[in-house]
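Scroll down for the structure; my scribbles are underneath it.
Please treat every number below as a calculation from the coordinates, not as lab data. Just so you know, these numbers come straight off a predicted model, no measurement behind them. Positions of Cβ are backbone-derived with ideal geometry, glycine not excepted, and every protein chain shown enters the neighbour counts.
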Amino acid sequence: MRSKFFAALLLALASPLALAADISCKVVGVYDGDTFTCLTDAKRQVKVRMAEIDTPESKQPYGTRSKQALSDLVFGKNVTLKVQDTDRYGRTVARADVGGTDVNAQLVSQGAAWVYRQYSKDKSLIRIEDKARAAKRGLWALPESERMPPWEWRKAGKDQRQAQRDLASITERRTGTGGGSAVGGSAGGSSYSCATRKTCGQMSSCSEARHQLEQCGNSRLDQDNDGVPCESLCR
């Protein structure tokens, strides 16, 4: 029995969440309303996806103001990250604290963020969101038609892009265009190829990045699922 207990204890200690420790760092960049980059004292760069919340995408109503709200709270400041996980893009998923202020909760309170119910276990965030909605703070002051949850907005964008790819594929089959990965072989005379799935650093233009995303299905170029590939090229 004792050996089983110690085995279970070792397994628990070996889990990523058990090993996760708070991280102290200084915020050096804000990507959007729920993503920022910070540097530790050891000059290690940490890209952070804020846990349990989701903010409007850059092309959504209130997207720019959500980014500004986060920047006002954290940019140039020392933060403590309460690490919860690492997402599929390698970002540190965490609650952020600045001088005793829970930044994640503060964004919800200001109406700059939604509670990401699919991933949130903190019921107090729901109550905070309810108060922000009742007070019509931030995004809650927008017309209802403009208040689409960002996860629904991303899904709608994905469905639209998939429909466009399906239509292009059908058109190519009917007209005999496309037909391969050779340069210049795609419909419309595009000079881009799908022979190789490129990274953002391997491309020189936004149009090539869009071709890779929309025609070649290179979803790695759109890590935040907002429909815009390679933010450095497609600003």
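Taking amide H as placed 1.01 Å from N in the peptide plane, D85 has its amide H under 5 Å from the amide H of V93, each at least 5 places away in sequence or on another chain.
For region 19-61, backbone nitrogen atoms closer than 15 Å to the point 7 Å from R133 Cα along Cα-to-C-beta are found at 54.
Taking 21 Å as the limit for the C-alpha separation, the pairs K43/K67; K26/K67; K47/K82; K26/K82; K77/K121; K77/K131 exceed it in the case of K43/K67; K77/K121; K77/K131. Between K121 and V98, the contour length at 0.36 nm per residue exceeds the alpha carbon distance by 6.2 nm. Whole-Hz Karplus values for region 131-147 come out as 5, 5, 5, 5, 8, 6, 8, x, 5, 6, 8, 6, x, 4, 5, 9, 9 Hz, taken residue by residue from phi with 6.51 cos²θ - 1.76 cosθ + 1.60 and θ = phi - 60°; glycine and proline positions read x.
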